[in-house]
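Inspection log for the structure reproduced underneath, given as structure tokens.
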Amino acid sequence: MNRVYVCSCFGITEKQVKEHAAAGACTPRQIASVSKAGTDCGSCVRRIQGLLGRGACPRRELLDQGEAAGVLAADPLAPPLPAAAALDEAA
């Protein structure tokens, strides 16, 4: 079995990140909250972003439809953002 590690600090594999993403984790912060990946040295955060890709998150679709306020509030770890900043961040 070939395991590709994304986070060496916590032993998190590419497969695990993809499974968390399929379960609804759409951001590196959400991946960190379920697996700790990216919370120690931080060198894996860009790799996690690459695995998550763009446009694959249902939350992004809601942002495009103008439902940003309720969507961003759903992430308990996300700091509150003004609506304009939320749309800029999602792009």
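Within the shell of other residues whose beta carbon sits under 10 angstrom from the beta carbon of Cys9, the net charge comes to 0, with Lys and Arg scored +1 and Asp and Glu -1. Ile48: net charge of surrounding residues, Cβ under 15 Å, Lys/Arg +1, Asp/Glu -1, itself excluded? Counting the neighbours of Ile48, the net charge comes to +4.
Each value in this text was obtained by applying a stated rule to the coordinates, not by laboratory testing. This is a predicted model, so every value here is computed, not measured. Please note: Cβ atoms are built from the backbone with ideal geometry, for glycine as well, and neighbour counts cover all protein chains shown.
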